[in-house]
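Right, one structure below, let's go through it.
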């Protein structure tokens, strides 16, 4: 089964990317894989403290994931899977795409700030010509109704 890969983070635009991925998956019979990445700089402490911080980060991610997963299951009939990786976000996204050949589309949310669409969208779109899958970039300020209409 083909999967839409969507990145779970604390950005506002993440919500629209999740909605889009779930709606497209529901309409096409695909799955959704939610990837959350823990940056390595969060754990530059003593080993015991780093392990505790890593466990807390995973708990936060799993709680955040459950909110989206419940909505996807209840509203769209899609049962997403969660993958947690540690490292540089762009590198980890590409590594996940390579690790799972069923991933067919990467879905990213674009920020609406004047500083640009966000670091992931900027980095990955710059290298989009050499990526093994297409990227769908969802505007962060697109309404829920508009998302439903285009999916």
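Side notes on the structure shown:
- Qualifying positions in segment 120-130 - in a helix (DSSP H, G or I) and more than 11 Å from residue 7 (Cβ to Cβ): 122, 123, 125, 126, 128, 129, 130
- Residue count for segment 70-116, restricted to those that are in contact (Cβ under 8 Å) with a residue 24 or more places away in the chain and assigned to a loop (DSSP other than H, G, I, E, B): 10
- Condition check for residue 89: under 15 Å from the mean Cα position of the chain (by Cα) and exposed (fewer than 12 other Cβ atoms within 10 Å of the Cβ): no
No lab work stands behind these numbers, since they all come straight from the coordinates. Predicted model only: the values in this text are computed from it and were never measured. Virtual Cβ from ideal backbone geometry, glycine too; neighbours counted across all protein chains shown.
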